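The values are calculated or read from the model by the stated rules, or taken from the named source; none is laboratory data. Since we're looking at a predicted model, the values are computed, not measured. All Cβ positions, even for glycine, are placed from backbone atoms using ideal geometry, and neighbour counts span all protein chains on display. Areas reflect the complete protein model, heavy atoms only, side chains present, ligands, DNA and RNA absent. Shrake-Rupley method; radii C 1.70, N 1.55, O 1.52, S 1.80 Å.
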Amino acid sequence: MAEAFRKIDIDAYDEDVLLESDLVDPDPRDPATVLSDAKSKSGQVRGFLSKGDIAGALTMLLADTPYGPNVEDAKAVTFSAVVLILNSTKSSDIASIVRSISQDSQDTLMKYLYKGMAIQGDSEITPSVLLSWHEKTVESYDQFALLEI
């Protein structure tokens, strides 16, 4: 009897269930278009990195990121490109790069940093790199900007 009770999904009977679709509007673009854009930007990131333009790569990548449900593949491609940028940057250059991107891009970067910190066991993600970027990004914020994230 107790086992059957634990299998009941009480959220199915609750009128006040909070769904992901209630939190974020879906990306208005078609999921295939979003994935195509993400792959294109990922390729452009490699071009920026080969030129040494890390700030340009971040600005381009963080300008229009995929969001909402049904675009998980595009989110993964974009996240991998962000990790590539973060890992390709010398620690001495992080502060100047963070200061050179817009406040909106810094906010989006911070979201990707937190996402990276939440993922465990991924060999691409280096915690010390994430923490370095986090430190420099927090330093560049004014005192109330962190409340927006």
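Annotations for the structure displayed:
- Extending 7 Å from Cα along the Cβ direction at V17 and again at D53 yields two label points whose distance is 4.8 nm.
- Here the accessible area is traced with a 1.4 Å probe on the protein chains. For region 12-129, carbon and sulfur cover 51 percent of it.
- Leading residue at positive end of dipole, region 24-107 (Cβ point charges), from A38, L84, A74: L84
- GNM top mover of A32, A95, A118 - the chain, alpha-carbon springs below 10 Å: A118
- Highest-fluctuation residue, K75, K41, K51 considered, GNM on the chain with Cα pairs under 10 Å: K51
- Taking the empirical scaling 2.2 N^0.38 Å for compact globular proteins as reference, the chain has a Cα radius of gyration ratio of 1.25.
- Entry note, the chain: relative contact order of 22 percent, from Cα contacts under 8 Å with a spacing of 6+ residues.
- Gaussian network model of the chain, springs between alpha carbon atoms under 10 Å - residue of E124, E72, E15 with greatest fluctuation: E15
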